[in-house]
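The values are calculated or read from the model by the stated rules, or taken from the named source; none is laboratory data. As the structure is a prediction and not an experimental result, all values here were calculated from the model. Calculation scope for accessible area: heavy atoms of the full protein, side chains included, ligands and nucleic acids excluded. Shrake-Rupley method; radii C 1.70, N 1.55, O 1.52, S 1.80 Å.
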Amino acid sequence: FDAEALLASAFDLTLGDPITAAIRFSAKEAPYVRERQWSDDQSIVDHPDGSCTLTLTTSGTRDLLRWLLSFGSGAEIVSPPELREALHNEALKLASLYSESLTAP
């Protein structure tokens, strides 16, 4: 058991099934993404419009989704489709929650 190796793939403190994801960040968010090492195996592709795509492997979906939600519309999951769908479902729940509170007296 090598705890250091296991935790090296942890995005935060939650360990789960490893997931490799590609996320496109807007030009506004890209500088923040570029300035830090998020994963040992990460790669960043810069785009002409100033945005970038980060590809990385993390130790679980939960932490990655929480992190991506913090960027709002400044981050778009490119792959895998299951992660994209999970964020979509969460966004629908959020939209429903906030639209209900806007229409309440």
Using a probe of 1.4 angstrom, how much of the accessible area of the stretch 12-104 is carbon and sulfur, in percent?
55
Can you give me the P(r) profile for the stretch 58-105? Cα pairs, bins 5 angstrom wide beginning at 0, each as a whole percent.
5, 19, 26, 23, 12, 8, 5, 2, 0
